[in-house]
Amino acid sequence: MPNGRTHTNITLTACLLTSIAIPFVPDPSIPISIFAGCFTGIFLTPDLDVEEGSISMYHVRRFGGNAGNLLSTLWLYYWLPYAKLIPHRDWRSHFPIISTIIRLLYLFCVPLILYLVINEQDGMNQIHSILTSKFFIFFFIGLCFSDTLHYVADRTISRLRSL
């Protein structure tokens, strides 16, 4: 399997390719949304299923400024139950689209429940508006693209090593 830095570099290359399209499309919000989703894939990597932490902890620490160590520790503990429930490289953590949905649900489950309890029906309407917004749809496509690249890289290296 490729290491975390290789996965990060693959994702950054996809971000670069997406950003190249921005000046050439009539609606630049689409490639910008895809770019945002792709870039988020660096932090919401399929490798969050590793109990010892993933490369995303390193990135959170690095980009977190003075609070980076605290943020990366919180990130590790937030994802620890997920890592304990889902074995590393399981289809639930690595298979594109399905794993993307699972990680997004896990990430937003607690905040979403709190928000719905506080805001009741208005909260449901607002969440529906967010999930059906053009930004979120293309953001999700970008995140799925990042996950797909991760999955393809894992499968390719595994097959090459087995030869």
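Read-outs throughout are calculated quantities, based only on the coordinates presented, and are distinct from any laboratory measurement. Model, not experiment: these values are computed from the prediction. Please note: Cβ atoms are built from the backbone with ideal geometry, for glycine as well, and neighbour counts cover all protein chains shown.
Before moving on, here are some points about what is shown:
- Among residues of segment 1-40, those that are hydroxyl-bearing (Ser, Thr, Tyr), within 16 Å of His150 (Cβ to Cβ) and in contact (Cβ under 8 Å) with a residue 12 or more places away in the chain, counted: 5
- Helices (runs of 4 or more DSSP H) fully within segment 65-163 that include at least 2 residues being of a type in the set (S, T, N, Q) and closer than 16 Å to His7 by Cβ: 98-131, 134-162.
- If the condition is being outside any helix (DSSP H, G or I) and either touching an Asp or Glu at 6+ places or on another chain (Cβ under 6 Å) or at negative phi (or both), then segment 45-62 contributes Thr45, Val50, Glu51, Glu52, Ser54.
- From Ile30, Ile34, Ile42, residue being of a type in the set (Val, Ile, Thr) and in a loop (DSSP other than H, G, I, E, B): Ile42
- The lone criterion from (1) out of contact with any Pro (no Cβ under 9 Å at 6 or more places or on another chain); (2) farther than 20 Å from Arg103 by Cβ; (3) assigned to a helix (DSSP H, G or I) left unmet by Ser19 is number (1).
- Filter result for Ile141 (closer than 27 Å to Thr13 by Cα, touching a helix residue (DSSP H, G or I) at 6+ places or on another chain (Cβ under 7 Å) and surrounded by 15 or more Cβ atoms within 10 Å (Cβ to Cβ)): yes
- Test for Tyr82: is it surrounded by 15 or more Cβ atoms within 10 Å (Cβ to Cβ) and either of a type outside the set (A, V, I, L, M, F, W, C) or out of contact with any His (no Cβ under 7 Å at 6 or more places or on another chain) (or both): yes
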